[in-house]
Amino acid sequence: MMLDVDIRHRLGAFKLDARFSTGGGLIALFGRSGAGKTTVVNIIAGLLRPDHGRVRVGDMTLVDRDKGIFLPRSRRRIGYVFQEGRLFPHLSVRQNLLYGRWFSPKTDGGESFERVVDLLGIEGLLDRRPGRLSGGEKQRVAIGRALLADPRLLLMDEPLASLDDARKREILPYIERLRDESRVPIVYVSHSIAEVTRLASTVVLLSDGAVVATGPTASVMQRVDLFPLTGRAEAGAVLETTVEGHDDVYDLTLLRSRAGLWRLPRLDLPVGARLRVRVRARDVILATTEPEALSAINVVKGTVTQLSEAKGPIVEVQLDCNGDVLLARVTRFSVERLGLRPGVDVHAVIKSVAFDRRSLGGSVGEVADA
């Protein structure tokens, strides 16, 4: 289902001028605080009327100022999950979920109660009140309530922002399941690189109220010209991998990508499972000759394709590793000493413990075709 946004709006001194079109899956609105992400989702939800422009979801126009269209919130069929669950404290989990079902259209097309409960792993919570739930459990129930209203689109505005790291780890797999198994496209607001690279099929990058990039997650997050906006300190590449096997002797998992074979501390995944991993630029070492006798056990061949502008001592180097893209952060001194320039062949070295485990997640099927 296509989401087409072309809106302009002013809030005090802030100007929003956002245009993008995307397909299904999980669409991440990504950018720093104040970039305009929440303003966009509030306009999509009907909580805010834009000064100019239009929003369409599939074949339905939600707002078109030129044609005088502004569909009421009650007719948009859009689910909204906020930073906090906002559950009714006097109702049980079951009753909170059924409250969402009460708003669904009287058709047979929506998700069943049993399927939503299974999808989000909340069967054991049905008789509890919200006061007896953890933060992650509350968010899962809030997502379930939104799904049971049979939305054509689900908006999630930084749903993990109020959770600690343990609760985030608890809920992320359920959002992955929702992305992969639900029919409902998701617009997910976040300023966390780890969340976006793990979850998103498509990234819409906003800065100062404007869309500066739209595309598949890997393509956007590896662009060296966007590092000032995506976060240079956390810059890195996203790889689509498959579990090739496990090394029981050394307790490692073997992953295969186009770049080659990767060894990580053991992951509890079956052979054949698809996995998205992020390799941070700061964790990649470059060598112009094949290195020997290293403690780091991940070495792949690559060719330099691009270098960022050298404004200071640090340079980002982009590599083509048999179709996979890797990024390395090195000093300008190293660039000159090694003679790094487009076309130079190198070896990239990455320690097994350097892979960003916060970004490990099930692969998104739409990424390759987005």
Please go through region 1-52 and give me each residue that is surrounded by fewer than 15 Cβ atoms within 10 Å (Cβ to Cβ), out of contact with any strand residue (DSSP E or B) (no Cβ under 7 Å at 6 or more places or on another chain) and among the polar types (S, T, N, Q), ordered by number.
33
Suppose the filter is surrounded by fewer than 24 Cβ atoms within 10 Å (Cβ to Cβ) and free of Cβ contacts under 8 Å to residues at least 24 places away in the same chain; does residue 169 pass it?
yes
Could you say which residue among 299, 304, 277, 325 is modelled with pLDDT of 95 or more and either within 14 Å of residue 352 (Cα to Cα) or within 22 Å of the chain's Cα centre (by Cα) (or both)?
299
Count of residues meeting criterion [in contact with a Ser or Thr (Cβ under 6 Å, 6 or more places away or on another chain) and in a helix (DSSP H, G or I)] in region 326-347:
1
Search result, residues across region 147-159 that are surrounded by 23 or more Cβ atoms within 10 Å (Cβ to Cβ) and part of a loop (DSSP other than H, G, I, E, B):
148, 151, 159
For region 106-118, indicate whether the set of residues that are out of contact with any His (no Cβ under 9 Å at 6 or more places or on another chain), at pLDDT 90 or above, among the acidic types (Asp, Glu) and over 14 Å from residue 149 (Cβ atoms) is non-empty.
yes
Those residues that are touching a helix residue (DSSP H, G or I) at 6+ places or on another chain (Cβ under 9 Å), of a type outside the set (Gly, Ala, Ser) and at pLDDT 90 or above, I need them from region 180-194; list them, please.
186, 187, 188, 189
Please indicate, with yes or no, whether at least one residue in region 291-307 is in contact with a Leu (Cβ under 7 Å, 6 or more places away or on another chain), among the hydroxyl-bearing types (Ser, Thr, Tyr), in a strand (DSSP E or B) and outside the structural domain of residue 171 (by TED's automatic domain parsing).
yes
Within region 236-256, is there a residue that is among the small types (Gly, Ala, Ser), surrounded by fewer than 15 Cβ atoms within 10 Å (Cβ to Cβ) and free of Cβ contacts under 8 Å to residues at least 40 places away in the same chain?
yes
Can you find even one residue in region 195-207 that is of a type in the set (Asp, Glu), surrounded by 17 or more Cβ atoms within 10 Å (Cβ to Cβ) and not assigned by TED's automatic domain parsing to the domain that holds residue 350?
yes
Elements of type helices (runs of 4 or more DSSP H) contained in region 52-146, each with 2 or more residues being of a type in the set (Val, Ile, Thr) and either touching a residue at least 40 places away in the same chain (Cβ under 8 Å) or in the same structural domain as residue 42 (by TED's automatic domain parsing) (or both)
113-120
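The values are calculated or read from the model by the stated rules, or taken from the named source; none is laboratory data. These figures come from a predicted structure and were not determined experimentally. In this analysis, Cβ positions are derived from the backbone assuming ideal geometry, glycine residues included, and neighbour counts consider all displayed protein chains.
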